[in-house]
Amino acid sequence: MTSFLVALRFLTILPVGGAIRVDSGLFIRSSKYYPLVGLVIGGLLWGFNRLALMAFAAELSAGLLIAFWVVLTGALHLDGVGDTLDGCYGGKTPSDRLLIMKDVHLGTMGVVGIGLLLGIKFIALKELLLSPSLRYWLILIPLAARWTPVFLAAFWPYARPEGGLGQGLVQEMGKKELFWATIFAWGITIGVTGWLGLGLMAVHLIWSLLNGWFFFRKLGGVTGDTMGATIETSELLGILFLVGVGPYV
C-alpha cells in the first residue's frame, strides 16, 4: 500500500501519502503500480465525465474533461511533451538537446506540440464519448498508457550523465517492477475487454519501442521528460485507435 500511495502522489495531485518518507528504493518499487494509478485516474475521469454530461453537451463536456485531466495529473506529462519537442528538434547533438530540455522556458516546438496534442485529443475524445460502446474505455486509457514509462525505463539507458528526476527509475528498474506493471496493465485491459484490449496494448508496445529507439538515437537514452511525453502521446494514440477500430471489432 505504501508503494502504491507513493506512485499515486507522484503521478497525480491527490494529497495522499504525505507522511511517507520516500527513498530511492521505495520510489523504484512504486513504479510497478503506475498502471493502477492510471486506473484511479481513469475512474475519476469517468465520474467527472458522467457529471459533466448531465449538465453540458458532449463538446463542452470533452473540453472540461481534458481540463480536469490536466489538473489531476499536475500537467506533469505535458511539461515533458514540451521539453522533449524543444530538445529533440532544437539541438544538433545529444548534449545540446538535453541542455535545451532543461531550460525552464518553453520554445516554439513545445508550444505548438502541446497545442496540437490537446486539440487532437479533444476531437478524438469527443468521438469516443459519443459512442456508448466505447465510453467505458475512458477508465482504461490512462491505465494502459502508464505502463509505457516502466517499459522504457527497463530497456533503455538514462540519457543524462549528470542525473535527473528519472535517473533512479531508469538505472534501477528491475524485472520485478516490469513484470508486475505488465500484469496490471495487460492483464486488466485484456481481461476486461478481450481482443480489443490486446490490440490497444500492442499499439502501446509498438509505440514504446519506436519512442525508445528515437530517444536513444536523439539523446542517447530516455529521461523523465521523454517518459512523460510517451505517456501523453500513448493516451492520444490509444483514443485514436479505439475511435478508429473499436466500432468494427
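The values are calculated or read from the model by the stated rules, or taken from the named source; none is laboratory data. Just so we're clear, the structure is a prediction, and the values are computed from it rather than from any experiment. Backbone-built Cβ (ideal geometry, glycine too); neighbour counts: all protein chains shown.
Below, the figures for the structure above:
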| quantity | calculated |
| --- | --- |
| Residue list for the stretch 44-79, restricted to those being aromatic (Phe, Trp, Tyr) and part of a loop (DSSP other than H, G, I, E, B) | Phe56 |
| Single match in Val112, Val104 (criterion: part of a helix (DSSP H, G or I), over 22 Å from Ala144 (Cα atoms) and among the hydrophobic types (A, V, I, L, M, F, W, C)) | Val112 |
| Qualifying position, being within 20 Å of Met227 (Cα to Cα), in a loop (DSSP other than H, G, I, E, B) and either in contact (Cβ under 8 Å) with a residue 12 or more places away in the chain or not charged (D, E, K, R) (or both), among Ile41, Ile13, Ile20 | Ile13 |
| Residue check for Trp69: within 27 Å of Thr182 (Cα to Cα), among the aromatic types (Phe, Trp, Tyr), out of contact with any Asp or Glu (no Cβ under 9 Å at 6 or more places or on another chain) and touching a residue at least 24 places away in the same chain (Cβ under 8 Å) | no |
| Subset tally (residues that are surrounded by 24 or more Cβ atoms within 10 Å (Cβ to Cβ) and closer than 23 Å to Phe10 by Cα) for the stretch 236-246 | 1 |
| Filter result (at pLDDT below 95 and touching a Leu at 6+ places or on another chain (Cβ under 7 Å)) within the stretch 28-45 | Ile28, Ser31 |
| Residue selected from the stretch 198-249 under the condition outside any helix (DSSP H, G or I) and among the β-branched types (Val, Ile, Thr), by the criterion farthest from Thr148 (Cα to Cα) | Val249 |
| Members of the stretch 212-235 found to be farther than 23 Å from Val71 by Cβ, touching a residue at least 60 places away in the same chain (Cβ under 8 Å), surrounded by fewer than 24 Cβ atoms within 10 Å (Cβ to Cβ) and not aromatic (Phe, Trp, Tyr), listed by number | Gly212, Lys218, Gly220, Gly221 |
| The stretch 193-227: number of residues that are closer than 18 Å to Gly110 by Cα and more than 15 Å from the chain's Cα centre (by Cα) | 4 |
| Selection within the stretch 199-211 - among the hydrophobic types (A, V, I, L, M, F, W, C) and in contact (Cβ under 8 Å) with a residue 12 or more places away in the chain | Leu200, Met201, Val203, Leu205, Trp207 |
| Filtered residue count, the stretch 116-166, keeping only those that are hydroxyl-bearing (Ser, Thr, Tyr) and not in a loop (DSSP other than H, G, I, E, B) | 3 |
| Lys126, sole failed condition from (1) at pLDDT 90 or above; (2) more than 18 Å from Gly244 (Cα to Cα) | (2) |
| Yes/no for Asp86 being modelled with pLDDT of 90 or more, part of a helix (DSSP H, G or I) and surrounded by 21 or more Cβ atoms within 10 Å (Cβ to Cβ) | yes |
